[in-house]
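The values are calculated or read from the model by the stated rules, or taken from the named source; none is laboratory data. Here the structure is a predicted model, which is why all the values come from computation and not from measurement. Because the Cβ atoms are built from the backbone with ideal geometry, glycine has one as well, and the counts that use them run over all protein chains shown. Just the protein is used for accessible areas: all its heavy atoms, side chains included, with ligands, DNA and RNA removed. Shrake-Rupley method; radii C 1.70, N 1.55, O 1.52, S 1.80 Å.
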Amino acid sequence: MTMQQRINRHDALYKLLTNLPGADLGVAPECAETDPEVFFPEPGRVDLARQAIEICERCPVRDACLELAVRDGEWGIWGGMTEGRRRKIRAERRLASQDQEAA
Ligand code: SF4
């Protein structure tokens, strides 16, 4: 993904979250004002991922953001989690739903 694509993705994230029903932020999410490299870090840039996660931890729309990213399989740091952690949540939900169907 090119840097321009990342910036476009980042802008889309900001627009999406500020338009969520009931999302009266008062202020823009901090990610909207942070270098996109932080939220869409190159592989191995754990330092940047940590920085993004710290920003997410104080975000007022974190839960909604995480839910969107888990559902849509987004790339990068969303809702304070890496793609790997969100993949794990998706897998756990799939298993839970299969268990319910089998019961
Ligand atoms: S949780 Fe993180 S990625 Fe999501 S809107 Fe808030 S700061 Fe941005």
Task: Carbon and sulfur %, accessible surface of region 22-95 computed with the full protein complex present, 1.4 Å - done: 48
TODO: Kindly list the residues of region 68-97 that lie in the label zone of R50, defined by a backbone N under 20 Å from the point 7 Å along the Cα-to-C-beta vector.
DONE: 76-86
- [ ] Name the residues whose placed amide hydrogens come within less than 5 Å of the amide hydrogen of W75, ignoring near sequence neighbours (fewer than 5 apart) on the same chain.
- [x] none
